[in-house]
Amino acid sequence: MTVKVLCLAQLRGRIGGSETAVPLPNGATGRDLLRLLKNRHPQVEPLLEVSRLAVNCEYVPADAELHDGDEVVIIPPVSGG
Amino acid sequence: MSGESGSRLTMDYLTRDRIDRFAWQQQAVDLRDGASVEFLGIVRGTEADHPIAALRYEAYEPMADRMIGRLIEEAKARWGLHQVLVRHRVGTVPVGEVAVLIGVAAAHREQAFEACRFLIEAIKRDVPIWKTNGHRTR
């Protein structure tokens, strides 16, 4: 399966473009995706370590199973207000 | 979707326009309410001890807008609020201008203070909005 990964704010452009298609084995979770991204992009590992994931505009826990076609947004620590 | 991309759906709580700092005070008074509390987040003239001209705010807009809407519903239910106004600006916000405005009205001050505090803290903690680089003055 393939998920679409969107990187915003501090992560923008640091994981190969703001939007990247990432192939994953079926049944992969958010944690699996993060692990793969950390291996591929060790320079942003500390930031990925403190980022949250959102699917369909909702935060999801790291152990949530991902599905083909999901748009997964990586949300680095927020700083609005 | 991001701070600067093209077309998008209408947003209820995020705005690219200047926020009128008197927007809350201009709301009609609801006679059930005896307390009104307002929070304004204003862009300071310095960031990490350096003078700046503006801050840039970026949001994951569809999610941020939806989350703020839910937080408002939660606050209304929890503190029995009748009126709530939340606006968060995205894009470039010059120093001295309002980045976020929160207004709440309730029957009594305890509810109004608590709800206002809840909203700003939840926004700062959970809503996908980021301050990106400050624009330095020369």
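Just so it is clear, none of the values below were taken in a lab; they were calculated from the coordinates. As the structure is a computational prediction, the values presented were derived from the model and not from experiment. Here the Cβ positions follow ideal geometry from the backbone for every residue, glycine too, while neighbour counts run over all protein chains shown.
Brief remarks on what is shown
- Neighbours of A:P61, meaning other residues whose beta-carbon lies under 10 angstrom from its beta-carbon, give a summed charge of +1 when Lys and Arg score +1 and Asp and Glu score -1.
- Folded to 0 to 90 degrees: helix B:61-79 orientation relative to chain B principal axis, Cα: 30
- In straight-distance terms, cross-link reach from B:K131 covers every one of the aspartates and glutamates whose alpha-carbon lies under 18 Å from its own, apart from those fewer than eight places away in the same chain; here that gives B:E4, B:D17, B:E47, B:D49, B:E58, B:E61, B:D65, B:E97, B:E121.
- Helix B:109-126 vs. chain B, principal-axis angle (Cα, 0 to 90°, nearest 10): 30
- Alpha carbon convex hull of the protein assembly as shown, projected area averaged over orientations, nm²: 13.7
- Percent of Cα-Cα distances greater than 25 Å, calculated over chain B: 29
- Shielding score for B:75-83, defined as the mean number of other chain Cβ atoms within 10 Å: 0
- Principal semi-axes in Å for the stretch A:2-72 [√(5λ), Cα gyration tensor, largest first]: 17, 12, 12
- Shielding by other protein chains, B:125-131, mean Cβ within 10 Å: 6
- Inter-probe distance in nm under a simple model that places probes 7 Å from Cα toward Cβ, at B:E74 and A:H67: 2.5
- 10 Å Cβ neighbours from other chains, averaged over peptide B:40-48: 0
- By the helix-only formula, in which each DSSP H run with n ≥ 4 contributes -39500 (n - 2.57) and the sum is divided by residues, the protein assembly as shown has a 222 nm mean residue ellipticity of -7500 deg cm²/dmol.
- GNM flexibility winner over chain B from B:T46, B:T15, B:T92 (Cα, springs under 10 Å): B:T46
- Net charge over other residues, Cβ less than 10 angstrom from the Cβ of A:T29 (K, R count +1; D, E count -1): -1
- For the protein assembly as shown, the share of DSSP beta bridges that are antiparallel, to the nearest 5, is 85%.
- Rough spin-label spacing in nm, given labels placed 7 Å along Cα→Cβ, for B:H82 and B:R117: 2.4
- Residues in the stretch A:1-29 reached by a label modelled at B:R66 [backbone nitrogen below 20 Å; 7 Å Cα→Cβ]: A:3-9, A:19-20
- Of B:D49, B:D12, B:D30, the residue with the greatest mean-square motion in the GNM of chain B, using alpha carbon springs below 10 Å, is B:D49.
- Here the contact order of chain B, divided by its residue count and restricted to Cα pairs under 8 Å and six or more residues apart, works out to 38 percent.
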